[in-house]
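J.: Questions regarding the structure given below will be posed in turn.
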Amino acid sequence: MKSLAPMLAALALSGCIAMSEHHAGMQANPSEAKIAFDFTEGNPKAMLAKLANVDVTRKQYIERGITPKIVMTFRGEASYFTQSGLSMVKEADREDAAKVQAKIRELRAANGVESLEQCNLPLASRKLNPDNLMSEVKLVPNGWIALVGYQQQGYAYIAP
């Protein structure tokens, strides 16, 4: 059994390398990439890293001559980061939460980002007021319904 684990790891790694070299899952000449990212992360450091990865992905598509069409939805604990203020965020997390908000603003203005959407459903249970959303973020009645709509339009669903 002990000798099987390294062999399986090597096979898995070689598969990842082969897939990345051929850009597995990509069409030969796509003109656009439609992606709906679904954020539920409550940890501001982790959320910031995920948003940075979205930005890297967006830039990589542009570098390849592919037009990104990105939608980002916020639900659950991620809802704290779409508020115009940070009073509902733990004091110890506010500095990092402010960085998340700055990245959200940056991404909203970035080429290829079509929409940022906050689901209304988790707000009441978290005592968040829909009137306090960042101006860059649009309120939708139900994030799942919005995500289904995007998938029906050909957007790939990604829950980072």
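J.: Under 8 Å between Cβ atoms, which residue pairs at least 6 apart in sequence (or on different chains) link something in region 106-129 that is at positive phi with a partner that is modelled with pLDDT of 95 or more and surrounded by 18 or more Cβ atoms within 10 Å (Cβ to Cβ)?
T.: Gly112/Arg58; Gly112/Tyr61; Gly112/Pro68; Gly112/Lys69; Gly112/Ile70
J.: A follow-up question, please. Identify, please: which residue in region 4-43 is modelled with pLDDT of 95 or more and of a type in the set (Asp, Glu) and is, among those, surrounded by the most Cβ atoms within 10 Å (Cβ to Cβ)?
T.: Asp38
J.: If a residue must be assigned to a loop (DSSP other than H, G, I, E, B) and modelled with pLDDT under 95, how many such residues does region 44-98 contain?
T.: In the first step, residues of region 44-98 are kept if they are assigned to a loop (DSSP other than H, G, I, E, B); the result is 64-66, 75, 84-90.
From what is left, the residues that are modelled with pLDDT under 95 are 84-90.
Here the count works out to 7.
J.: Taking only region 99-128 into account, find how many residues are among the hydroxyl-bearing types (Ser, Thr, Tyr) and in a strand (DSSP E or B).
T.: 1
J.: Out of all the residues in region 75-90, is one or more closer than 30 Å to Pro30 by Cα and not charged (D, E, K, R)?
T.: Checked against the condition, which is being closer than 30 Å to Pro30 by Cα and not charged (D, E, K, R), region 75-90 yields no hits at all.
J.: I'd like to verify a number: residues in region 102-143 that are among the polar types (S, T, N, Q), within 18 Å of Ile70 (Cα to Cα) and surrounded by 12 or more Cβ atoms within 10 Å (Cβ to Cβ), how many?
T.: Counting residues in region 102-143 that are among the polar types (S, T, N, Q), within 18 Å of Ile70 (Cα to Cα) and surrounded by 12 or more Cβ atoms within 10 Å (Cβ to Cβ) gives 2.
J.: If Ala146 passes every condition in (1) aliphatic (A, V, I, L, M); (2) within 15 Å of Phe37 (Cα to Cα); (3) exposed (fewer than 13 other Cβ atoms within 10 Å of the Cβ) but one, which one does it miss?
T.: (3)
J.: Any idea which of (1) in contact with a Ser or Thr (Cβ under 6 Å, 6 or more places away or on another chain); (2) surrounded by fewer than 18 Cβ atoms within 10 Å (Cβ to Cβ) is the one Arg75 doesn't satisfy?
T.: Condition not satisfied by Arg75: (2).
J.: Scan Ala146, Ala97, Ala124 and give me the residue that is among the small types (Gly, Ala, Ser), within 17 Å of the chain's Cα centre (by Cα) and more than 18 Å from Met47 (Cα to Cα). Give the steps one after another, and end with the answer.
T.: Working: Ala97 fails: more than 18 Å from Met47 (Cα to Cα); Ala124 fails: within 17 Å of the chain's Cα centre (by Cα).
Of Ala146, Ala97, Ala124, the one residue that is among the small types (Gly, Ala, Ser), within 17 Å of the chain's Cα centre (by Cα) and more than 18 Å from Met47 (Cα to Cα) is Ala146.
J.: Considering only region 131-150, I want to know if a residue exists there that is in a strand (DSSP E or B), out of contact with any Cys (no Cβ under 7 Å at 6 or more places or on another chain) and within 16 Å of Leu51 (Cβ to Cβ).
T.: Let us first name the residues in region 131-150 that are in a strand (DSSP E or B), namely 133, 138-140.
Add one more test, that the residue is out of contact with any Cys (no Cβ under 7 Å at 6 or more places or on another chain), and what stays is 133, 138-139.
Going one step further and asking which of them are within 16 Å of Leu51 (Cβ to Cβ), we end up with none.
No, that holds for no residue.
The values are calculated or read from the model by the stated rules, or taken from the named source; none is laboratory data. For clarity, every value in this text was computed on a predicted model and none was experimentally measured. Every residue, glycine as well, gets a Cβ built from its backbone with ideal geometry; the counts of neighbours run over all protein chains shown.
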